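The values are calculated or read from the model by the stated rules, or taken from the named source; none is laboratory data. Bear in mind the structure is a predicted one, so any value in this text is a computation, not a measurement. For neighbour counting, all protein chains shown are included, and Cβ atoms are generated from backbone atoms with ideal geometry for every residue, glycine included.
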Amino acid sequence: MRLSAGVIVTQRPQEVLAELEAQRGDEVFTIIDSQEREFLVEHADEVIAKAYVASEVVNYIIMVAPRFSLISQNRLLKIFEEPPRNKEFILITKSKSSILDTIKSRLPITVLHDARDEDHFSLDVANLNLAKVYEFVQENNRISTVECKNLVEKISTLAIKSGRYNLDKSILNHFSNSIKALEVGSPVTFILNGLLLKLLAKKRRS
């Protein structure tokens, strides 16, 4: 890893910050840390404001958050496309899947070895029960719409592969309608709860 603009995916953001600091020469760092919460539009506005402060040396504006909301990323697109003089941008996040393709096309992505394997899924879909549903929804109650859509698709794939559910037309339609509901702004907790409880009701009895 070297000091350059881009997206860094890691489970240890503070260690990455320290490593970047060790590489800093005359450059200036401006760090905007969402304090372990989703990076929201107000954080994006702060980035934009600081980006237009004149600087005679290169200023790396470093954004740190477990996830970046869809709205905040869209808000930042223009400034990533046309950065002010002497400004570079680094995003440090735990979630590669939540980064928009339009961001990925403008900033190179570095996935560090400590980053969670995105093929690993924390929910045991084949052995679903009420306790697991509750825990999973609580764990993911602050994810972005993009991430929730990815979860819905992953859950549907694992449910089909498991062979443990009576996946009739109604539940298959529910998977599809969940994606559509997310696209028009339905809360992620409402979607995940509804989908998983409906799936649980379709579980085959051993």
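With respect to the conditions (1) under 16 Å from the mean Cα position of the chain (by Cα); (2) closer than 30 Å to ALA201 by Cα; (3) surrounded by fewer than 13 Cβ atoms within 10 Å (Cβ to Cβ), LEU130 lacks only one, and its number is (1). Residue pairs whose Cβ atoms lie under 7 Å apart, separated by 6 or more positions or on different chains, with the first residue in the range 142-168 and within 30 Å of GLN35 (Cβ to Cβ) and at pLDDT below 85 and the second surrounded by fewer than 18 Cβ atoms within 10 Å (Cβ to Cβ) and polar (S, T, N, Q), are GLU147/SER97; ASN150/SER97. Taken over the range 147-162, residues that are surrounded by fewer than 20 Cβ atoms within 10 Å (Cβ to Cβ) and not charged (D, E, K, R) amount to 5. The set of residues in the range 163-206 being surrounded by 13 or more Cβ atoms within 10 Å (Cβ to Cβ) and β-branched (Val, Ile, Thr) consists of ILE171, ILE179, VAL188, THR189, ILE191. Pairing residues of the range 178-204 that are within 15 Å of ASN140 (Cα to Cα) with residues that are among the polar types (S, T, N, Q), at Cβ distances under 6 Å and at least 6 apart in sequence or on separate chains, gives LEU182/THR145; THR189/ASN141; ILE191/SER178; LEU195/SER178. So, in the range 34-79, how many residues would count as being over 14 Å from the mean Cα position of the chain (by Cα), part of a helix (DSSP H, G or I) and surrounded by 18 or more Cβ atoms within 10 Å (Cβ to Cβ)? The number of residues fulfilling the criteria is 6.
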